[in-house]
Every structure is written in structure tokens, then in C-alpha cells.
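The values are calculated or read from the model by the stated rules, or taken from the named source; none is laboratory data. Predicted model only: the values in this text are computed from it and were never measured. Because the Cβ atoms are built from the backbone with ideal geometry, glycine has one as well, and the counts that use them run over all protein chains shown.
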Amino acid sequence: MIVLQITSVKDFMNRMLRTELFDHFLLSEATIRGQISYVIDGHIVKDSFSDEELHEENLEGLSCMPFGMLRDKCFTLIKGKHAPSYFKFVFQLSPENLNRTLVRSKSSVTMNDLNAVCMNIRFQDGILTCTSGISYRNFVLDHTFEQEWDALVQRFLLTNDIACMQI
């Protein structure tokens with residue numbers, strides 16, 4: 001796990017909420033606190049969709065909704081005269097990207113060892129942070145995958161010109 005401080009809050013928020021940069025992540029949860037609090041549970045309620053709708057929306061095999069399908073709603077909740085006092089977004093890797101990351105890491109960790117691979121974005125007290133995280137289903141001794149995920153989060157931010165520093 002690493003914690004990175006994003007140095008340009010406005011630029012980051014613009015990229016996250018107004019571009020497709022984070023659309024390939026799944027949104028597990030979001031909390032936005034301004035004049036009132038909003039809590040979004042990004043887990044898909046399967047019985048709200050027919051099998052055909054799940055297929056058409058490319059939601060088959062996903063536990064959470066892709067951020068791209070919720071981004072406009074999140075933007076609407078955040079925009080306004082006053083910035084929120086607090087927010088948190090918990091992004092997860094999609095199964096496809098998780099599999100690619102596992103292969104790249106050359107780790108002994110498998111999909112069966114993992115609950116989720118996350119990137120947490122949190123704004124509190126005027127500070128915006130990005131924290132990498134992994135929720136394991138089983139105890140693992142091999143931390144190669146964790147190191148790969150930490151490096152990928154840093155590379156993702158730097159490749160997309162998001163200024164940050166490790167804290």
C-alpha cells in the first residue's frame with residue numbers, strides 16, 4: 001500500500017469527473033459530503049437487470065458498476081458554488097484489468113486469493129490523497145503483486161500528468 005498526495009486538486013477533479021480517464025475502473029463506493037451527504041453503493045443489483053440488459057451494458061461478471069456509467073451523477077453531486085468538505089471514491093480493477101495485472105506481476109497470487117484491488121481517492125481537510133490497496137481472501141506470503149499494483153498506481157498518475165508525491 002502506498003499513499004500519494006495529489007498536488008493539484010482542481011486539475012485532478014476535472015480529469016476524474018469530466019474525462020474518461022477513470023471510466024475503466026469499477027466504482028465500489030463513493031461518499032460526497034457538502035451541504036448534505038451522499039453515499040453511493042456501486043455494487044450492481046443484479047435483479048434490476050435482465051440477463052439481456054447485463055449483456056448489452058457489458059455488466060456480465062462485474063460486481064460493481066463501471067465508473068463511466070456513474071461519472072455524470074457524481075459530477076452533478078460535486079459541482080456547485082462550494083466544494084465538498086469531504087469525499088471518498090473507492091475504485092476497483094475490473095476482472096479483465098486485474099487478470100492483466102496478475103500476469104504482469106509474475107506473482108504466485110491468483111484471482112482466488114483476492115477480494116478486490118483498489119485505488120482510494122479521498123479529499124479531507126483540503127488534502128487530496130490516492131491510496132492503493134488490496135483486500136486478500138487468503139493469507140499470502142508473496143507480496144510481488146502488491147508491489148506491482150503500487151507501481152501501477154503511481155505510473156497511472158504520472159503517465160496522465162497528475163502531479164503527486166508519496167507521503
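For region 1-39, name all the residues that are over 30 Å from residue 144 (Cα atoms), out of contact with any Leu (no Cβ under 9 Å at 6 or more places or on another chain), surrounded by fewer than 19 Cβ atoms within 10 Å (Cβ to Cβ) and touching a residue at least 12 places away in the same chain (Cβ under 8 Å).
The answer is 11, 18, 31, 33, 35.
Looking at 59, 128, 70, 141, which is the one that is farther than 24 Å from residue 4 by Cα and modelled with pLDDT of 95 or more?
Going through 59, 128, 70, 141 in turn, the sole match is 70.
If you scan region 19-36, which residues turn out to be over 10 Å from the mean Cα position of the chain (by Cα) and either in a strand (DSSP E or B) or hydroxyl-bearing (Ser, Thr, Tyr) (or both)?
Taking region 19-36 and keeping what is over 10 Å from the mean Cα position of the chain (by Cα), we get 19-21, 31-36.
Within region 19-36, 19, 31, 32, 33 meet the criteria.
Which of the strands (runs of 3 or more DSSP E) contained wholly in region 72-167 include at least 2 residues that are surrounded by 12 or more Cβ atoms within 10 Å (Cβ to Cβ) and of a type outside the set (Phe, Trp, Tyr)?
86-92, 114-124, 127-136
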